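What follows draws every value from the coordinates through simple rules; no lab data is involved. All values reported here derive from a predicted model rather than from experimental measurement. Ideal geometry is used to build each Cβ from the backbone, glycine not excepted, and the neighbour counts take in all protein chains shown.
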Amino acid sequence: MIEARITEKRRNLRDAYSSALISLGEKNENVVVLDADLALSTKTKRFGTVFPERFFDMGIAEATMMDVAAGLATCGKIVFASTFAVFATGRSYDSIRQSIAYPELNVKIVATHSGISVGGDGASHQMLEDMALMRALPNMRVIAPADATEMEDVVFKIAEADGPFYVRIGREDAPIIFESHGHFEIGKGYEIRKGKDVAIIATGTMTAEALRAYDILEKRGIEAMLIHMPSIKPIDEKLIRKAAKETGAIITCEEHTIIGGLGDAVAMAMHDEPVPLYRIGVNDVFGESGGARELMEKYGLTAENIAEKAEKMVNRKK
Amino acid sequence: MSSIMPSLINSPTYFIIKMHEKAVIKELKRKALQIRKWVIESVYQAGSGHPGGSLSIADMMACLYFHEMRHNPKNPAWEDRDRLVLSKGHAAPALYAALALAGYFDVEELKNLRKIGHFLQGHPCMKKVPGVDMSTGSLGHGLGAGVGMALAAKLDKRDYRVFVILGDGEIQEGSIWEAANAASHYKLDNLIAILDRNKLQIDGPTEEIMHLEPIAWRWQAFGWEVVEIDGHDIEEILHTFHEIRHNEKPTLIIANTVKGKGVSFMEGTLSFHGKPPSEEQYVRAMSELEQAEGELND
């Protein structure tokens, strides 16, 4: 079992992204980074400052950024293309589909500002269906890391693996959960707490909430199994089936619409041996302006809500 | 073709060059006719496809693959090859015919266009077809991909060039203009876009559906060099390619063409944009093209 706990330390995943990019850039001169006028926000500008000749700002033209990324990839480049999740996927969907996923080119789309915790910008900028869009594309792999440590590992791993990836991270600083590097593997989930009453499967920002939910449940005498699932596609079917078998009840937690994301992926993985599944996510509505924490609370993306729903599921089993 | 010093015009050397030019042009005309025949054959065999816009680029394809582009059919992944992106991917039959003629794959495969289990997809797929440099089909993406390839050449200090073939209706897509803007911003003098100006799109004449003119002015305003030529005149195409070699900006060649060129009853009509010939039309088309081949040999 890998060591996971909510530490006092917080670090922004975008900072982890840019550090990892620079380190990759030093090792491999084929690493090229594109952005679409959000390089200060996504933090790719730091790469651009160190390697100006390998950084291209495409201006406010996200769809074309994806086509350009594909063209670079055909010539042997390892291309990282970044902007906010809403523009990276929604605005650019056809470019990603036609020019990246279909020809299976070596483009890594790293999207920041995903989810409702974008906050004040409101629903126009709170991307809640990006995993659904990207999961639906053949050849596309989808990753949602939980903290800065894992984010660095993700960047290194996807750079080594040929072909397209979509990585989604949030805007906010996030607590460090993994103090040591090295666990992340594409397609693997991690059982970070053992339990037999109910399985909580969480991804991205929600893994920290799930860890807190575990503590709440423990105080109430409920032993939850806790799974961190950074790899949404491919997903760790074996681990999901094990969780279903050992607990008989599953809750999925994602800062994403309940349609098409982690919940659906988990349901698919246990299609032949299903157990009751409750999905925590944004319930098929657009978000709104507000503080990040306020929004997470209003839309039920909290440890307290996870614990409440988990307890109900455990009681229903009896 | 090569520019000739005025003093050379009456010399024996000039005579030899001219004879050579004539032979080259005749051979390219032959290649273009072969491409046209195979477009008709493959679309007829497939029972679907886009003959009109494939025939309009046949002369350009012949000039690119058999004169202007640096490429090697025995090594489709050659890093220093010139790239070709068929952004108007529905003209795939013309691209496939050119590739087969160049030796990228067996000519017999053209009969399996659009057929299940065979590799010639309805629109170009780079994963399946040797010689296809970029998968296309949904309009508006090829120029952006071409920008990426041209940027990669600059990064790697390689001297290959990138040719992108655009449909005229296609430039109604906004992403074409995003890419056009990026090309001049990054000073991509190694990028050449060729606009197949056949003046027809599915719903009607381009200027009636959604106006494109003044095309040259618009592209110049986006920072491109623009030349306008007859896209069926082999000599003019070759001359233009020679002239633009040292342009310091990305170049747009507006190739004025006729949709369905080479088959009388397809020329200038809308009906063969995305429809195959009937059996009777197929026979007529092939006989017209064979007659043109015969006339070329006389």
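Contact map, region B:170-182: first residue within 7 Å of chain A (Cβ to nearest Cβ), second residue surrounded by fewer than 24 Cβ atoms within 10 Å (Cβ to Cβ) and acidic (Asp, Glu), Cβ cut-off under 9 Å, separation 6 or more or different chains; pairs are B:175/A:94. Among the residues of region B:132-191, those identified as of a type in the set (Asp, Glu), over 15 Å from the mean Cα position of the chain (by Cα) and over 18 Å from residue B:65 (Cα atoms) are B:156, B:173, B:178, B:189.
Residue A:66 meets each of the listed conditions (1) over 21 Å from the mean Cα position of the chain (by Cα); (2) facing chain B (nearest Cβ under 8 Å); (3) surrounded by 22 or more Cβ atoms within 10 Å (Cβ to Cβ) apart from (1). Contact map, region B:122-140: residues that are under 18 Å from residue B:167 (Cβ atoms) paired with residues that are of a type in the set (Lys, Arg), Cβ distance under 6 Å, separation 6+ or inter-chain. Pairs shown: B:122/B:114; B:133/B:83. Each residue in region A:97-144 was checked for being surrounded by fewer than 24 Cβ atoms within 10 Å (Cβ to Cβ), among the polar types (S, T, N, Q), within 14 Å of another protein chain (Cβ to nearest Cβ) and out of contact with any strand residue (DSSP E or B) (no Cβ under 8 Å at 6 or more places or on another chain), and 1 pass. Taking region B:154-169 as the range and being facing another protein chain (nearest Cβ under 9 Å) and either buried (at least 24 other Cβ atoms within 10 Å of the Cβ) or under 21 Å from residue A:104 (Cα atoms) (or both) as the test, only B:162 passes.
Just checking, does region B:215-230 include any residue being touching a Gly at 6+ places or on another chain (Cβ under 9 Å), surrounded by fewer than 24 Cβ atoms within 10 Å (Cβ to Cβ) and either in contact (Cβ under 8 Å) with a residue 60 or more places away in the chain or more than 13 Å from chain A (Cβ to nearest Cβ) (or both)? The answer is no; no qualifying residue exists. All conditions but one from (1) within 13 Å of chain A (Cβ to nearest Cβ); (2) surrounded by fewer than 24 Cβ atoms within 10 Å (Cβ to Cβ); (3) in contact with a helix residue (DSSP H, G or I) (Cβ under 6 Å, 6 or more places away or on another chain) apply to residue B:118; the one that does not is (1).
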